[in-house]
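These notes are about the structure you will find just below.
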Amino acid sequence: MNIKPHVFEAIRLFSGRNILFVILAASLLFGGCSSVNDNTAKTLEKQIELQQVRHELTTEPVISEKKTVPELEQMGDTYFRKGDINRAYLYYLKGLNVEPNRISLLQKQGRLLIRKKKYAEAELVYGRLTPLAGDDPQTLAGHSMAYFGQGRFEEAEQGFLAALAKKEDDWQAHEYLGLIHSQKQEYDEAIAQFKTALAYKPRDLSITNNLAVTCYLNGDFAEATRLLENLAARTKDRKIYNNLALAHFQLGHYDIALEYFKKGSDNEAAAYNNMGQEYLFAKKFEKAIEAFDKAIALNPKYYTAAQKNMDQAKRQLASVLAKAEE
């Protein structure tokens, strides 16, 4: 089965990975576990660009009375819900300075570091949190996310399985396990995990996209198309359109594929260049040459790339014709 997984796009790209899957982290709650002595506090402050935070906080109202730790945590939660991660972190840190072993604050600090893609730092946080929280499923899952972010998939897999043993309805753990199985090209297992995650979060865009990508990689282009069309009806993300174009191309729906490439591209020239590349990979050299020629005619900026691709298509076509004449 000739498939180019590297051109199949996800809603966002998870950094440092070859397979283009992703988990949308907007719904993650923060948590963590780190020493809150002066040196560590300064380190963590640097990690989330606290210089910028201090600048932003010049407009912060002065708190006249001393706040309790629960009040500081609540203020952090309020900022987090508003999407102000830096201020949320500041109030979590203030709470930890008073009560350094407060598990709920540590959990939020750790998840915040994951949100900031500070995976190694988050791992240290969870290393401290684990003795306090034990086999708490949220801690196990958070620690596993930190491992996953560093590409340590084996450790992440064991952690997610342990978390699910304690809380089987953790949809994020199921999705991460799907990603891990996909990384290992164990597509049937990945599909099962994504479907379980979707049973708990039926309208989640990320899970649906990851399931569609996996179906594509597993050769089930019809199911990938169905899932992606569902996504395309709910979002205008260009990457979804491009994924849909690729799925339709594999089904031989070339006109439909071109239309979706147009929706997923800045202009028609880019769409024709994409079609040319797919035709080239599928060894449909005459169609590839035609598409590249159209891209060049529509937009000269594609001349270099499209001309190079067209030359390759012509060489391969000539080679095929020469062998046929022998």
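The values are calculated or read from the model by the stated rules, or taken from the named source; none is laboratory data. Keep in mind that this is a model prediction, so the values were computed, not measured. Here the Cβ is made from the backbone with ideal geometry for all residues, glycine too, and neighbour counts use every protein chain on show. For accessibility, only protein heavy atoms count, side chains too; no ligands or nucleic acids. Shrake-Rupley method; radii C 1.70, N 1.55, O 1.52, S 1.80 Å.
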> Residue check, Asp237 against (1) within 21 Å of Ile114 (Cα to Cα); (2) touching a residue at least 60 places away in the same chain (Cβ under 8 Å); (3) of a type in the set (Asp, Glu), all met but one. Which one?
Replying inline: (1)
>> Going through Lys283, Lys323, Lys314, Lys308 one at a time, which residue ends up being at pLDDT 90 or above and basic (Lys, Arg)?
In response: Lys283
> Quick one: which of Phe285, Phe249 is open to solvent by less than 60 Å² (accessible area, probe 1.4 Å) and either in contact (Cβ under 8 Å) with a residue 40 or more places away in the chain or more than 30 Å from Ala192 (Cβ to Cβ) (or both)?
Replying inline: Phe285
> If you take the residues in region 184-221 that are among the small types (Gly, Ala, Ser) and either at pLDDT below 95 or open to solvent by 60 Å² or more (accessible area, probe 1.4 Å) (or both), which one is farthest from Gly264 (Cα to Cα)?
Replying inline: Ala199
> Here are Arg87, Arg115, Arg81: which of them is among the basic types (Lys, Arg) and over 24 Å from the mean Cα position of the chain (by Cα)?
Replying inline: Arg87
>> With the requirement that a residue be without any contact (Cβ under 8 Å) to a residue 60 or more places away in the chain, at negative phi and open to solvent by 40 Å² or more (accessible area, probe 1.4 Å), what does region 79-102 give you?
In response: Tyr79, Arg81, Lys82, Lys94, Val98, Glu99, Asn101, Arg102
>> Being touching a His at 6+ places or on another chain (Cβ under 9 Å), assigned to a helix (DSSP H, G or I) and open to solvent by less than 10 Å² (accessible area, probe 1.4 Å) is the requirement here; does Ala291 meet it?
In response: no
> Could you list, in sequence order, the residues of region 224-234 that are open to solvent by 50 Å² or more (accessible area, probe 1.4 Å) and free of Cβ contacts under 8 Å to residues at least 24 places away in the same chain?
Replying inline: Arg226, Glu229, Asn230, Ala233
>> Could you check region 254-288 and list, in sequence order, the residues that are over 27 Å from the mean Cα position of the chain (by Cα) and outside any helix (DSSP H, G or I)?
In response: Ala282, Lys283, Lys284
>> Exactly one condition in (1) touching a Gly at 6+ places or on another chain (Cβ under 6 Å); (2) in contact (Cβ under 8 Å) with a residue 60 or more places away in the chain is false for Ser144; which is it?
In response: (2)
> With respect to Arg203, is the statement that it is assigned to a helix (DSSP H, G or I) and charged (D, E, K, R) true?
Replying inline: no
> Within region 108-141, which residues are more than 21 Å from Gly83 (Cα to Cα), touching a residue at least 12 places away in the same chain (Cβ under 8 Å) and either small (Gly, Ala, Ser) or not in a helix (DSSP H, G or I) (or both)?
Replying inline: Ala120, Gly127, Ala133, Asp135, Asp136, Ala141
